[in-house]
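Asks: My structure is below; once you've seen it, I'll send some questions.
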Amino acid sequence: MGFRGSHILSITQFERAEIEHIFSVADRMEPYAHRQRASKVLDGAILGNMFFEPSTRTRVSFGCAFNLLGGEVRETTGIKNSAIAKGESLYDTARVLSGYSDAIVMRHPESGSVAEFAAASRVPVINGGDGANEHPTQALLDLYTIKKELLSHDRTVDGLRIAMIGDLKYGRTVHSLCKLLSLYDNIKLVLISPKELQMPAEVVENLREAGHEVVVSDQLEENIQHLDIVYSTRIQEERFSSPEEADLYRGRFRLNQTIYTKYCEPNTVIMHPLPRDSRVAANELDNDLNENPNLAIFRQTDNGVLVRMALFALVLDVVDLVDKYSHDVRWYAGGRF
Amino acid sequence: MGFRGSHILSITQFERAEIEHIFSVADRMEPYAHRQRASKVLDGAILGNMFFEPSTRTRVSFGCAFNLLGGEVRETTGIKNSAIAKGESLYDTARVLSGYSDAIVMRHPESGSVAEFAAASRVPVINGGDGANEHPTQALLDLYTIKKELLSHDRTVDGLRIAMIGDLKYGRTVHSLCKLLSLYDNIKLVLISPKELQMPAEVVENLREAGHEVVVSDQLEENIQHLDIVYSTRIQEERFSSPEEADLYRGRFRLNQTIYTKYCEPNTVIMHPLPRDSRVAANELDNDLNENPNLAIFRQTDNGVLVRMALFALVLDVVDLVDKYSHDVRWYAGGRF
Amino acid sequence: MGFRGSHILSITQFERAEIEHIFSVADRMEPYAHRQRASKVLDGAILGNMFFEPSTRTRVSFGCAFNLLGGEVRETTGIKNSAIAKGESLYDTARVLSGYSDAIVMRHPESGSVAEFAAASRVPVINGGDGANEHPTQALLDLYTIKKELLSHDRTVDGLRIAMIGDLKYGRTVHSLCKLLSLYDNIKLVLISPKELQMPAEVVENLREAGHEVVVSDQLEENIQHLDIVYSTRIQEERFSSPEEADLYRGRFRLNQTIYTKYCEPNTVIMHPLPRDSRVAANELDNDLNENPNLAIFRQTDNGVLVRMALFALVLDVVDLVDKYSHDVRWYAGGRF
């Protein structure tokens, strides 16, 4: 599978076998992410962590993943004062920055910008989110989480029963996840949203073409029974014309422990792409779920490190060297995972 | 002493013996901070240097301390665009970020926020300043500096004679230092401030309960004689309702070489938490003191690196491994310390 | 040659022999910058990459250069909230920051600020640009590029024929490059600019005093024949009183493949300090030149890493140790250089 030197731009570039290969590499990264071993395989390599739009969580996750393989990280966190503001083309930015680093993660507010950048880059580029378009590593970490959570219940992605809840119109992550799920078999999806924020028709169509069962609803309780996963999302406030318009939808579908106990199966896993909006008016996943062992939202972000390590290891072709250049960690790492 | 895996949130969490243990570990960090040796004990570890309020000096000092032990640093430098602005709770932020790193330093504008964050963190958290509340490493580096400066004059913290000068009402560092001094014996404190900016009554009370002698005054010259330390502070402009209100107090107590020579003992040590305000209207410590060997203000910031290295080594439990995983530095490091 | 422990503040501090020594060291950095070998000679060293004015490209280039020698980078990217805004002097900032790091790169919006900072620093300081004054590493990388490009055509800097085009009044890089060229012999310079944006008289005078031939013109086509180098620049919009005033000059001198083919010699090298302004109204170097093998603009930025590595190696006195502490890179580095 040709990962060596490749760009990671879109989930549509992968076949199922490739995705499963990424996940098997991610599994092998656990001793490093869990701080049992430290690898130096990328000792001397530099990641250009180029965030032309802010995103603390994603930026730090990519940076940590590269550090955990032994590499260094140089980064930028805004666009305002950059050369782009002086009329520099993405072509030029890519030619210059790819002379500084061994791999580049790029986030940019405009759809398609990362692909344009990658075309001019001399090193592998990973899409860290390009506007409303794609955020492939989020979709991969979501699917990786689903697979791992199901595995612990002796189930597989084939045959999955999942509800997606909230702002399904603007939520980039659910669109991408649906595309990935179309590579698998025999899935039941329940799409719960306000009528005005329904999943785009072409996404639903693709799912049905893949042979999946799709139920569309604007009711929560009756639709979260008999599921493996409930995947909640926040209202994408920044996509609405005003906060007031977003307020119309915020807090419409709230999951809390009482509802969970009453309607969900005892092992139904709760996911969310984060950040969850914990303000009173929203609160799509109540804090009283925090001690519920099926709340997987922080396992999702933990898994993000594994998936990003796997992608770096694959595009830089060091998968089989990670263990060779490693040592036991020397510090107290607690029992946090 | 239970430092392993602990959070460092407040100076009130320490007993005197623990503080002295921190200082003895800080002493052992000197060859590394002074660039004679380089340690790799934390090779592979990641610090999450999370500054949700800007502070170049403190942020860089913590980052360097972690680097000097061989670790990597991922960081953030603002709050505006972060997930917190999208309604994420400190609980969620802590759960996520603690999955990325081996230790976290957090600075945040709200009192109590760092403790709330630490309660949800899976890794040790060090308070880098939470609003008006605490900045424990500043207090520790101040006391560590006092101890070292006195030692070179064959004196100890017990029996210390110190003046604190300036904005004693809003100056967080002097409050914390006073709390630490209450763990020691037989101290004389002279508190010099405008009447409106006096040290809070409960701080003075605590000092007196500890058996210390406290003199309160609004006169400089007559009160800086017969002292070991004069600790000057700037007016905390950002705490006043307007710059104009701060102007009423700025420049009220100025120490310069002429006053020093006339009133101070020849070995009186001059300290300041920095930044000192060198604008004409303020100038609480004149530049003509820069060549005075008793000006210890830059030894304070140098000591900050030692104290922060010590805290990292303690909470990650590598104190006795720092030397083992080290080598001589290979570059020209001059004679700067 | 006394580089050890020195500051790099201005190109005027160098003699020709010193510049050639820097370039010979830069040549030796190629296996590292080209990712054949990785050096750890600065393992444990910390660069303070202090950008008190934003500049993504220059900041990342310096940071990468230090990483490629095995060192760590701590950095800052703005001035607004720093201690300087609270009245801290450059003297204090320098005393503090130089206690944290082994070398400092500083960029600052005010002319002369970096020299003032360096005077108080305890470690070597490299000027990363101080307002309209100097940006010495840009001038060095430009000259280094000229030398390498000419060498591949069996020519030398002595005897060079070069045109400088565009905003020669405000373009800091062309001023500095002219100063450097005055150290060489027998050069022909064609200075092409709008009459209002001509090269300052004293720069022209210096060139003539050095025995060089200087032609001043406001016509492009007839003046770019029989040259080794055409060095294009963008209009320094930020120096004009309004964007509208800058618009008067933008796009006045455009080089594209048609003009190049018609007027230039087949091996004439095209340079630009970047960013080039690719907006329609400016477009001083057309994108249709991107496949022209004589377009050296990205070789310039690549060479910047080599020159900056050389300067770090020289001031920290590790030139002869870079190879000793090195290993082959372990990852796929492609064939990008």
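Asks: Being part of a strand (DSSP E or B) and more than 11 Å from chain B (Cβ to nearest Cβ) narrows it down to one residue among C:A38, C:A65; which is it?
Replies: Going through C:A38, C:A65 in turn, the sole match is C:A38.
Asks: If you don't mind, there's one more thing I want to ask. Looking only at residues that are in a helix (DSSP H, G or I) and not hydrophobic (A, V, I, L, M, F, W, C) in the stretch A:266-293, which one is surrounded by the fewest Cβ atoms within 10 Å (Cβ to Cβ)?
Replies: Here the residue is A:D288.
Asks: Given the criteria more than 9 Å from chain C (Cβ to nearest Cβ), in contact (Cβ under 8 Å) with a residue 40 or more places away in the chain and touching a helix residue (DSSP H, G or I) at 6+ places or on another chain (Cβ under 9 Å), does A:E30 qualify?
Replies: The answer is yes for A:E30.
Asks: Quick check, is B:Y325 within 12 Å of another protein chain (Cβ to nearest Cβ) and either at pLDDT 95 or above or under 23 Å from B:A163 (Cα atoms) (or both)?
Replies: In short, yes.
Asks: Please find, among A:L189, A:L183, the residue that is without any contact (Cβ under 8 Å) to a residue 40 or more places away in the chain and outside any helix (DSSP H, G or I).
Replies: Selected residue: A:L189, the only one of A:L189, A:L183 that is without any contact (Cβ under 8 Å) to a residue 40 or more places away in the chain and outside any helix (DSSP H, G or I).
Asks: A further question follows. Confirm whether B:T12 is buried (at least 20 other Cβ atoms within 10 Å of the Cβ), among the polar types (S, T, N, Q) and either in contact with a Gly (Cβ under 6 Å, 6 or more places away or on another chain) or more than 14 Å from chain C (Cβ to nearest Cβ) (or both).
Replies: Taking the combined requirement at face value, the residue does not satisfy it.
Asks: Further question on the same structure: For the stretch B:205-219, name all the residues that are touching a Leu at 6+ places or on another chain (Cβ under 9 Å) and either at pLDDT below 95 or not in a loop (DSSP other than H, G, I, E, B) (or both).
Replies: Result: B:L207, B:E213, B:V214, B:V215, B:V216, B:S217.
Asks: For the stretch B:185-243: of the residues being in contact with a Cys (Cβ under 8 Å, 6 or more places away or on another chain) and not β-branched (V, I, T), which is surrounded by the most Cβ atoms within 10 Å (Cβ to Cβ)?
Replies: If we take residues in the stretch B:185-243 being in contact with a Cys (Cβ under 8 Å, 6 or more places away or on another chain) and not β-branched (V, I, T), then B:L189 is surrounded by the most Cβ atoms within 10 Å (Cβ to Cβ).
Asks: Now for a separate question. Look at C:Y184 and say whether it is closer than 17 Å to C:L143 by Cβ, in the same structural domain as C:D154 (by TED's automatic domain parsing), touching a Lys or Arg at 6+ places or on another chain (Cβ under 8 Å) and not charged (D, E, K, R).
Replies: Judged against the criteria, C:Y184 is a match.
Asks: Then there's this: Taking the criterion of being closer than 30 Å to C:L248 by Cβ, under 20 Å from the mean Cα position of the chain (by Cα) and not hydrophobic (A, V, I, L, M, F, W, C), would at least one residue in the stretch C:114-126 satisfy it?
Replies: There is no residue in the stretch C:114-126 that is closer than 30 Å to C:L248 by Cβ, under 20 Å from the mean Cα position of the chain (by Cα) and not hydrophobic (A, V, I, L, M, F, W, C).
Asks: Here's another thing I want to ask about it. Suppose we filter the stretch C:17-37 for residues that are buried (at least 23 other Cβ atoms within 10 Å of the Cβ) and touching a strand residue (DSSP E or B) at 6+ places or on another chain (Cβ under 8 Å); how many remain?
Replies: So the count comes out to 1.
Asks: Show me the strands (runs of 3 or more DSSP E) entirely contained within the stretch B:94-180 in which 1 or more residues are crowded, with 22+ Cβ neighbours inside 10 Å and charged (D, E, K, R).
Replies: Passing ranges, in order: B:103-108, B:125-130.
Asks: Among (1) in contact with a Pro (Cβ under 9 Å, 6 or more places away or on another chain); (2) farther than 24 Å from B:L197 by Cα; (3) among the basic types (K, R), where does B:K262 come up short?
Replies: (1)
Asks: I'd like the full set of residues that are farther than 16 Å from B:Y231 by Cβ and not charged (D, E, K, R), limited to the stretch B:183-194.
Replies: B:L183, B:N186, B:P194
Asks: Moving to a separate point now. Criterion first (of a type in the set (A, V, I, L, M), facing another protein chain (nearest Cβ under 9 Å), within 22 Å of the chain's Cα centre (by Cα) and in a helix (DSSP H, G or I)) does A:V60 satisfy it?
Replies: yes
Asks: From the residues in the stretch B:299-313 that are touching a Ser or Thr at 6+ places or on another chain (Cβ under 8 Å) and within 14 Å of B:T137 (Cα to Cα), which one is nearest to the other protein chains (Cβ to nearest Cβ)?
Replies: Once the filter is applied, the top-ranked residue is B:T301.
Asks: In the stretch B:255-293, which residue that is farther than 27 Å from B:E237 by Cα and among the acidic types (D, E) is farthest from the other protein chains (Cβ to nearest Cβ)?
Replies: Within the stretch B:255-293, the match that is farthest from the other protein chains (Cβ to nearest Cβ) is B:E265.
Asks: Just one of (1) within 22 Å of B:Y332 (Cβ to Cβ); (2) surrounded by 19 or more Cβ atoms within 10 Å (Cβ to Cβ); (3) more than 9 Å from every other protein chain (Cβ to nearest Cβ); (4) of a type outside the set (F, W, Y) trips up C:A296, so point out which.
Replies: (1)
Asks: Let me ask something else about it. When you check A:E202 against the structure, is it part of a helix (DSSP H, G or I) and either modelled with pLDDT of 95 or more or out of contact with any Lys or Arg (no Cβ under 8 Å at 6 or more places or on another chain) (or both), yes or no?
Replies: Numbers: part of a helix (DSSP H, G or I): yes; either modelled with pLDDT of 95 or more or out of contact with any Lys or Arg (no Cβ under 8 Å at 6 or more places or on another chain) (or both): yes.
Yes: the conditions hold for A:E202.
The values are calculated or read from the model by the stated rules, or taken from the named source; none is laboratory data. As the structure is a computational prediction, the values presented were derived from the model and not from experiment. Heads up, the Cβs are rebuilt from the backbone with ideal geometry, glycines too, and the neighbour counts pull from every protein chain shown.
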